[in-house]
1. Say we look at the stretch 48-95 and pick out the residues that are among the β-branched types (V, I, T) and within 25 Å of N108 (Cβ to Cβ); which of these is modelled with the lowest pLDDT?
2. With respect to S13, is the statement that it is closer than 30 Å to S123 by Cβ, of a type in the set (S, T, N, Q) and buried (at least 17 other Cβ atoms within 10 Å of the Cβ) true?
3. S24 is checked against (1) closer than 14 Å to T5 by Cα; (2) out of contact with any His (no Cβ under 6 Å at 6 or more places or on another chain) and fails just one. What number does that condition carry?
4. Can you tell me which residues in the stretch 16-25 are open to solvent by 60 Å² or more (accessible area, probe 1.4 Å) and either farther than 18 Å from T102 by Cα or of a type in the set (K, R) (or both)?
5. Looking at (1) closer than 19 Å to N79 by Cα; (2) without any contact (Cβ under 8 Å) to a residue 40 or more places away in the chain, find the lone condition where K53 falls short.
6. When both residues are 6+ apart or on different chains and their Cβ atoms are under 7 Å apart, which pairs have a first residue that lies in the stretch 75-101 and is β-branched (V, I, T), and a second that is open to solvent by less than 20 Å² (accessible area, probe 1.4 Å)?
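The values are calculated or read from the model by the stated rules, or taken from the named source; none is laboratory data. Since this is a predicted model, take the numbers as computed values, not measurements. Positions of Cβ are backbone-derived with ideal geometry, glycine not excepted, and every protein chain shown enters the neighbour counts. Heads up: the accessible areas ignore ligands, DNA and RNA and are worked out on the full protein's heavy atoms, side chains in. Shrake-Rupley method; radii C 1.70, N 1.55, O 1.52, S 1.80 Å.
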Amino acid sequence: GVHCTDMDVIEKSNLNRQFLFRSSDIQKLKSTVACERARDMNKDLKINTYSTKVGPDTEEVFGDDFFETLDGVCNALDNVQARMYMDQRCIYFSKPLLESGTLGTKGNVQVVIPGVTESYGSSRDPPEKAIPICTLKNFP
């Protein structure tokens, strides 16, 4: 099955870059709506929905037993700290990772196969620069 988690709610600024969300979804949990839309596309999909952050402070939910059951991980995270944490967990458990993310108008995708490819943490992103809130809320 698929596990999907995001503790954020849908904002108007999400609508122009995420095809799963509609205007009627504003203020609903991203993970709940994304899972509903995925089920609409594939009724046989087994998907577990969470609204919990993944990190050291939630290892009672996403701990060793959880990671051992995974075949792979697909990220769409919005900060370097979370990306580093997931990269470390995937390396530790030898799980392939599809790392993806955006920052402003820029996008990045990296495939990480532990022991075969470079990991996300092997290279450093440039320091995160603040993006003007008007860019985040009104782009494009």
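1. V80
2. Spelling it out, it is not the case that S13 is closer than 30 Å to S123 by Cβ, of a type in the set (S, T, N, Q) and buried (at least 17 other Cβ atoms within 10 Å of the Cβ).
3. In the conditions (1) closer than 14 Å to T5 by Cα; (2) out of contact with any His (no Cβ under 6 Å at 6 or more places or on another chain), S24 misses (1) alone.
4. Across the stretch 16-25, the qualifying residues are R17, R22, S23, S24.
5. (2)
6. I91/S119
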